[in-house]
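Take a look at the structure set out below.
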Amino acid sequence: MIDTNQLTALVSAFRVETEKESISPETVGKLLQDILDLLANASTDAERQVLDDWKNLLSQYTVVYDVAHATGMVDMEHMFLTLRGRSLRNGATFTSSVPLYGATDTQAGVMTASHVQTLMALQTAMPQVRSAITALQSTAQQHTNQIFIIQSAGYVVTGISQGNGHATKILLSLTKHDVRTGEDFVLGAGCTINGATATQAGAMTAAQVQSLNTAKTDITALQSQMRTVRNAGTVVDGAQVFHIATDKVGIMLFGYNLATGERDVELQQFYLTAASQYGAGVMTAQHVRQLDALRQAVFGTGSATSQQPLYPLAIEINLGKDALKLRGAQYLKEKGYVPYLFRYTRKRNRTISQEGAKGHGDIRKGWNVLGDGNTIKIGARGEVSIGKMAVEHPLIDLEELDGWQTAARFFVKEALDEETGRPYVAYGKTRINLELKQENRSYKPRKVRLLYGIAFATYKTAPRERLDMGKLVTPIVPFYVSTTYLDRERYWIFER
């Protein structure tokens with residue numbers, strides 16, 4: 001039903017009008033209009049009940065929020081929402097802050113700083129991802145092409161095994177798969193590897209295995225022999241005359257210590273006694289006098305032996321140390337003899353006639369002395385060294401050298417040609433080029449071997465006097481000074 005309480009109040013107010021002419025069309029019209037307005041705005045009892053229920057519901061709460069907005073208060077994982085509201089009881093206004101948490105994989109929320117960083121990293125890596133995708137697409141295309149090629153080939157090899165045995169080659173059995181039908185089949189002699197030769201690689205043949213086994217047996221026996229020799233301690237490596245008497249010759253044996261590698265170890269000294277009618281031996285001074293007396297009796301007094309006795313001399317070359325040693329030199333030094341260095345060259349000596357005219361003698365080829373008795377010297381252990389000014393060497397700064405030198409390169413005169421700039425050596429009257437010109441105008445390194453020799457004699461005092469070869473007390477012991485090459489770089493070495 002419609003609530004008529006207000007209508008009743010309007011009617012009661014009209015009745016109490018007591019003024020004269022209070023009832024007029026205007027007042028009656030106003031009353032009627034108010035009644036119409038109340039009737040227009042009036043609600044039913046059902047609507048009024050809804051309003052009452054809503055009022056009762058609102059009375060259970062103390063506040064209501066009017067405005068909500070985000071504030072500047074944030075951290076790495078949260079942001080805060082500011083709420084502005086008023087109290088339903090007293091109408092007072094207030095604000096409050098509510099945190100909003102970051103979204104997770106199971107719950108919605110705000111985007112955190114780590115989410116933004118991850119997004120930025122993904123944006124930065126995007127070109128690389130695109131490049132990787134492009135590479136994968138290219139690889140996939142290549143694989144597609146390879147699969148197409150395999151399918152076009154018809155079949156592929158899926159297995160390789162050794163077939164039947166053979167003495168000179170290897171037979172391989174191939175397992176093939178037909179990519180069109182899916183069938184597998186075996187070729188018993190699908191491939192052959194021929195035996196290896198001296199010029200071509202290949203399979204090791206049965207004969208080569210037999211040779212290898214034989215070599216292994218020989219090497220094992222050789223190793224056993226080497227252990228036997230090594231256990232011996234020291235082996236004889238050389239000998240030297242250390243004493244000469246009228247009736248005997250003293251010999252000193254030198255050894256090589258296999259355990260330590262030490263050379264020139266003095267092992268033993270002994271004497272070779274005089275020869276007799278009952279046994280061989282050295283020829284004594286008494287034997288020489290008897291032989292001279294016999295020759296004088298047979299041929300006369302002019303046949304007496306007048307040549308100097310020859311003493312033994314030997315060369316030792318140590319390639320690892322680029323050095324030269326003489327065996328038997330110490331005794332000769334003690335006797336006052338000096339060493340001379342010889343070269344096997346062509347030579348013309350200068351001459352002066354009785355009238356004082358200068359010239360040259362005939363060219364002779366053979367052993368000729370290089371320098372004089374002071375050109376080389378022999379050390380206490382037989383090492384041979386040459387004076388730094390004995391040879392002119394434009395390619396070596398002789399001023400930086402200290403005293404005597406033992407290396408092979410100091411025994412040659414190496415220089416550069418003024419026109420071609422190519423190296424050569426002067427060897428007596430001969431000029432030897434160290435590089436040979438090829439047909440294509442390039443130059444090829446040349447192997448050169450220069451013959452030298454060492455002998456002892458009495459010291460000649462006259463500088464220009466020619467050494468009398470008959471006065472040598474030892475034979476000329478020869479050796480070579482030769483070139484060798486390593487990575488096209490030239491070195492000089494001693495050789496026998």
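The values are calculated or read from the model by the stated rules, or taken from the named source; none is laboratory data. Only a predicted model underlies this, so the values are computations on that prediction, with no experimental measurement involved. Virtual Cβ from ideal backbone geometry, glycine too; neighbours counted across all protein chains shown. Surface accessibility is based on the protein's heavy atoms, side chains included, excluding ligands, DNA and RNA. Shrake-Rupley method; radii C 1.70, N 1.55, O 1.52, S 1.80 Å.
Summary of values
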read-out	value
Residues of region 404-418 with amide N under 16 Å of a point placed 7 Å along Cα→Cβ from Arg441	none
Pairwise label distance in nanometres, Gln141 with Asp37, each label 7 Å out on the Cα-Cβ vector	8.6
Solvent accessible area, Å² - Tyr443, 1.4 Å probe, full protein context	60
Two-decimal ratio, region 99-147, of alpha-carbon radius of gyration to 2.2 N^0.38 Å	1.90
Phi-based couplings in Hz for region 465-473 (Karplus 6.51, -1.76, 1.60; Gly and Pro marked x)	6, 6, 5, 6, 5, x, 9, 5, 9
Trp367 accessible area, assembled protein chains, probe 1.4 Å, Å²	70
Where GluC sites (Glu not before Pro) fall in DSSP loop in region 401-469, at most 13 other Cβ within 10 Å	Glu418, Glu419, Glu439, Glu465
In Å, descending, principal axis extents of the Cα set of region 134-215	60, 32, 18
In order through region 407-418: 3J(HN,Hα) via Karplus (6.51 cos²θ - 1.76 cosθ + 1.60), integer Hz, x for Gly, Pro	6, 5, 5, 7, 8, 10, 10, 9, 8, 10, 5, 5
Per-pair calculated FRET efficiency, R0 = 41 Å: Leu451 and Asp218 via Cβ, rounded to 0.05	0.60
Accessible area (Å², 1.4 Å probe, nearest 10) - Phe80	50
Interchain or long-range residues, amide H under 5 Å from Ile315's placed H	Arg327
